[in-house]
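Okay, so here's the structure we're looking at.
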Amino acid sequence: MRWIARARALCVSRGIRRRAARVASHRRTNTMFATTAVPSFTLARAPRRSSTTTARAHKHRVTSTTPHQSMDTVALAPTRRDALVGFAALVASARALDVNAPALAISGMNVVKDTREGYQFLYPVGWQEIQVDGQAAVYKDIIEPLESAALNVYPTQRESVADIGTAEEVANTLVGKALTAPGAQAKVLKASERKDDAGHLYYAFEFVTKTKSYERHALTVVTITQGKFYTLTTGSSEKRWGKIKDRLQATVDSFQVYY
């Protein structure tokens, strides 16, 4: 009977050892898959951007997209808040100019301001500044040669344009003697006047000039302050006038001096 008991004990002991071996093997397998699965998941994750990278990206936002653009770049497109901020800035600039021009014209305009000469005005987006001897500022379209805005500033002893004459008289004098090329035919279409909040008086007039090679439709605004006579003229070809007249009108309407 003793040998039977010993045989049973030996079988039980072997069974326990086999179970322990299977458990240990199972644990080693789980450990192996755990150490290989985690790095695989880590590589699949998108790299996190540091706070420095995020700040730099928000400072230089990308608004255009391309077929090869990354998700990070697309995420940097302007948000609704950015659009509202931009619109508010546009409204503020328009109010600063005190312009009664159409909103469509203002949205397609740039602002030029000269603190030394004391003037500011709007001009169409796309026009380039060029240097012309004897003129304070010149902006023109690089494709349409007759589309431009030119400002002249002359010294004067007068205190107001009213000292020279009425709006019609000043318009006829300038168009006939200063704003028309020699030999060209010219005609003043209308003239008007306005005052800004500071009391500066402005004369504005519309006229056309015609030569053998072109016909131009133009607008001019003039004023006098602090011993300076300002003359801003803008225009386009007669053929293009209907398409661009609102922006040209916004240019002369926006002109103001602040000394």
Legend entry - Selection status of F229, at pLDDT 95 or above, buried (at least 22 other Cβ atoms within 10 Å of the Cβ) and more than 29 Å from the chain's Cα centre (by Cα): no
Legend entry - Residues that are under 32 Å from the mean Cα position of the chain (by Cα) and either in a loop (DSSP other than H, G, I, E, B) or surrounded by fewer than 20 Cβ atoms within 10 Å (Cβ to Cβ) (or both), drawn from segment 194-218: R194, K195, D196, D197, A198, G199, H200, L201
Inset, instruction - Taking T63 as the residue in question, decide whether it is of a type in the set (S, T, N, Q), modelled with pLDDT under 50 and within 14 Å of the chain's Cα centre (by Cα). - result: yes
Legend entry - Single unsatisfied condition, A181 versus (1) more than 24 Å from V111 (Cα to Cα); (2) at pLDDT 95 or above: (2)
Inset, instruction - Can you tell me which residue among V221, V188 is surrounded by 14 or more Cβ atoms within 10 Å (Cβ to Cβ), closer than 28 Å to V125 by Cβ and at pLDDT 95 or above? - result: V221
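For (1) in a loop (DSSP other than H, G, I, E, B); (2) within 19 Å of Y214 (Cα to Cα); (3) more than 38 Å from the chain's Cα centre (by Cα), each residue gets a yes or a no:
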position	(1), (2), (3)
I142	yes, yes, no
A150	no, yes, no
V153	no, no, no
E159	yes, no, no
T173	no, no, yes
L179	yes, yes, no
P182	yes, yes, yes
Inset, instruction - State which residue is nearest to T251 (Cα to Cα) when the search covers only segment 124-155 and only residues that are in contact (Cβ under 8 Å) with a residue 40 or more places away in the chain and surrounded by fewer than 17 Cβ atoms within 10 Å (Cβ to Cβ). - result: E144
Legend entry - Residue check, V222 assigned to a strand (DSSP E or B), hydrophobic (A, V, I, L, M, F, W, C) and either assigned by TED's automatic domain parsing to the domain that holds Q135 or touching a Ser or Thr at 6+ places or on another chain (Cβ under 6 Å) (or both): yes
Legend entry - Condition check for A191: touching a residue at least 12 places away in the same chain (Cβ under 8 Å) and in a loop (DSSP other than H, G, I, E, B): no
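The values are calculated or read from the model by the stated rules, or taken from the named source; none is laboratory data. Source: prediction; values computed, not measured. We place every Cβ from the backbone using ideal geometry, glycine too, and count neighbours over all the protein chains shown.
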